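The values are calculated or read from the model by the stated rules, or taken from the named source; none is laboratory data. Predicted, not measured: the structure shown is a model, and the values here were computed from it. Glycine gets a Cβ as well: all are built from the backbone with ideal geometry, and neighbour counts include every protein chain shown. Just the protein is used for accessible areas: all its heavy atoms, side chains included, with ligands, DNA and RNA removed. Shrake-Rupley method; radii C 1.70, N 1.55, O 1.52, S 1.80 Å.
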Amino acid sequence: MKMKLFQLFITASIPVLKTLLITALGSYLATERVNILGEDSRKHLNSLVFFVFNPALVGSSLAQTITYHSMIKLWFMPVNVLMTFIVGSIFGWILILLTRTPPRLRGLTVGCCAAGNLGNMLLIIIPAVCEEKGSPFGAPDVCYAYGLAYASLSMAISAVYMWSYVYSIVRISSNRDTLDQDTIQSLERSSIPNQQIMTPPGKIMNRIMKIVGFVIGVIPPVRKVFIEDGAPLRVINDTVSLLGGGAIPAVTLIIGGNLLKGLRGSGIQTSLVIGIIIVRYVALPLAGILIVKGAMKFGLVHSDPLYLFVLLLQFALPPAVSMATVTQLFGAGEKECSVIMLWTYVLASVALTFWSAFFMWLVA
């Protein structure tokens, strides 16, 4: 048992270390001395990721692996993602009461506790775990395909909650009504292109690609034209998949570059940062175990180990990178958000390795 647990720990540590190395490279490229990935470069790369890479990755992954029958089996995932937001919000409000968080930072605190990186981190970790020797999830190619689909579905669902619930919380907290319209418009203009998701073209592009992915995957006649072996339009799907392959490394480099802001500090109270770390890496994962185990007991989820692993991992991720986007839009807690991101992502290398190994042991 000890040997098996140690092997799972090693298996779980490899994808996290890969992420950490690429993140470190992004930070290095963003330094003033190198300045290859400076602020303007990150904005342009972020535009490319948002408008091209991410939609291509999500659309192609959903099209290849999501079918009508699989959607019936995966119905619990939207509920599970919602539970991460609800439970995280409860812990966030408790943290606000304990640390007496200033009003202008309450939305940031709740958002960081509620919204995890349910898209990019899963897209990095899940495929990497599938490819490692000793993975308990079966054949690497099958695991990779379904793991990518689970992660893509998680990204699509979390985006809805992020830009409806968390966005509203931060907007209210930032006392937006006290700003005159010119100031608001100035903030919104200065945030572009980091704020593409708030613009109509950004919303349209992402929604279209998600819908297209679902349609191609779920409708058998359409699937035969684009996906299956010998499909006449398979080259289109292959091209989209090729473009989607650029999403993961590009996003990881951007995360590394953005973390540099946190090194400058902001005067944020230490207890608040520690509290968010405890919520995201201790309280939420433990709550996730209870929720997923309860769902299994009542027969709400199927027993696929990889699916259960993804559901559990959704509770143990660092805050969503989009939190930086939201705070920048409203000009509320930008520097404080950078510090929170810095420490939560630095500690993610340890926390994610531990929880990934434990969750693999739990479901295997």
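Quick one: in the stretch 23-43, of everything that is crowded, with 19+ Cβ neighbours inside 10 Å, in a helix (DSSP H, G or I) and not small (G, A, S), which residue is modelled with the highest pLDDT?
T23
Checking the condition more than 30 Å from T31 (Cβ to Cβ), open to solvent by less than 10 Å² (accessible area, probe 1.4 Å) and assigned to a helix (DSSP H, G or I), which residue from L352, L312, L272, L286 passes?
The match here is L312.
Collect the residues in the stretch 65-88 that are modelled with pLDDT of 95 or more and of a type in the set (G, A, S), keeping them in residue-number order.
Once the filter is applied, which keeps residues that are modelled with pLDDT of 95 or more and of a type in the set (G, A, S), the stretch 65-88 yields only G88.
Could you identify the single residue in K335, K293 that is over 19 Å from the mean Cα position of the chain (by Cα) and free of Cβ contacts under 8 Å to residues at least 40 places away in the same chain?
Every option except K293 fails the conditions.
Evaluate the following for V292: is it under 18 Å from L118 (Cα atoms) and open to solvent by 30 Å² or more (accessible area, probe 1.4 Å)?
Answer is no for this residue.
Looking only at the stretch 128-155, count how many residues are touching a Gly at 6+ places or on another chain (Cβ under 8 Å) and open to solvent by less than 10 Å² (accessible area, probe 1.4 Å).
5
Could we say that S47 is assigned to a helix (DSSP H, G or I), buried (at least 21 other Cβ atoms within 10 Å of the Cβ) and modelled with pLDDT under 90 here?
no
The conditions are (1) of a type in the set (G, A, S); (2) within 30 Å of A139 (Cα to Cα); (3) in a helix (DSSP H, G or I), and S303 fails exactly one of them. Which is it?
Condition not satisfied by S303: (3).
Just wondering, is there one or more residues in the stretch 94-105 that are aliphatic (A, V, I, L, M) and within 22 Å of I10 (Cα to Cα)?
Within the stretch 94-105 (the criterion being aliphatic (A, V, I, L, M) and within 22 Å of I10 (Cα to Cα)), the answer is no, since none of the residues qualifies.
Condition check: touching a residue at least 12 places away in the same chain (Cβ under 8 Å) and surrounded by 23 or more Cβ atoms within 10 Å (Cβ to Cβ). Does V326 satisfy that?
Yes.
Checking the condition out of contact with any helix residue (DSSP H, G or I) (no Cβ under 9 Å at 6 or more places or on another chain) and either modelled with pLDDT of 55 or more or under 28 Å from E39 (Cβ atoms) (or both), which residue from S186, S173, S152, S135 passes?
Of the residues listed, the single one that is out of contact with any helix residue (DSSP H, G or I) (no Cβ under 9 Å at 6 or more places or on another chain) and either modelled with pLDDT of 55 or more or under 28 Å from E39 (Cβ atoms) (or both) is S186.
Open to solvent by 30 Å² or more (accessible area, probe 1.4 Å), assigned to a helix (DSSP H, G or I), modelled with pLDDT of 65 or more and not hydroxyl-bearing (S, T, Y): is that true of V215 in this structure?
So V215 does not fit the description; no.
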